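Beneath this line is the structure, given in structure tokens, with notes to follow.
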Amino acid sequence: RPTVRYYEGPRGVKQILQDVLSTTKRTKAKKYRVYSSSGIRDLIAQAWPRYNATRKQNKVNVRAIALGAGGKTYGLDQRKWLTQKQSAPTYIFIYGDKTAYVSADEKSRLFGVIIDDKSISQTQKMIFDHLWRHLG
């Protein structure tokens, strides 16, 4: 059965990001996937400003599909854009046997969930990888 954990606020989002790194660095490929949204990118970065530096230090690679304009690479990462115009309200991290969703409410308060389930993760990886290949 899947395990679902709920998190709130910047501290909770930092816990999600820590789980992304700690889980990913134990995987064979040391790589995760993320749908990155311009709508909440800055809020997530504020939750852990040194996230990308820590990710690189741990030699964790990432493929990002950006939703909305902006975003940049920091090293050990690749980025493609689904759209430059339309943003989305949620980040989706796909890593190990887990999937994490991070969003913000109407008052820009962060919250998120981690779903620990191999089947859900495998399905999300299939969808992401298919889209990645077709974004050129």
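Descriptive notes on the structure:
- Screening Asp129 against (1) over 15 Å from the mean Cα position of the chain (by Cα); (2) at pLDDT 95 or above; (3) loosely packed, with under 14 Cβ neighbours inside 10 Å leaves a single unmet condition, (1).
- Counted residues, the range 95-136 - those being touching a helix residue (DSSP H, G or I) at 6+ places or on another chain (Cβ under 7 Å) and more than 19 Å from Glu8 (Cα to Cα): 3
- The set of residues in the range 78-102 that are open to solvent by 30 Å² or more (accessible area, probe 1.4 Å) and closer than 23 Å to Lys25 by Cβ comprises Gln78, Arg79, Ile92, Asp97, Tyr101.
- Residue selected from the range 79-102 under the condition among the polar types (S, T, N, Q) and within 13 Å of the chain's Cα centre (by Cα), by the criterion modelled with the lowest pLDDT: Thr90
- Whichever residue in the range 40-76 is charged (D, E, K, R) and open to solvent by 30 Å² or more (accessible area, probe 1.4 Å) and, among such residues, is farthest from Leu17 (Cα to Cα): Lys72
- Neighbours by Cβ (under 6 Å, 6+ apart or cross-chain): first from the range 1-27, closer than 11 Å to Ile114 by Cα; second open to solvent by 80 Å² or more (accessible area, probe 1.4 Å): Tyr7/Gln15
The values are calculated or read from the model by the stated rules, or taken from the named source; none is laboratory data. As the structure is a prediction and not an experimental result, all values here were calculated from the model. Backbone-built Cβ (ideal geometry, glycine too); neighbour counts: all protein chains shown. Quick note on the areas: whole protein, heavy atoms, side chains included, nothing else; ligands and nucleic acids left out. Shrake-Rupley method; radii C 1.70, N 1.55, O 1.52, S 1.80 Å.
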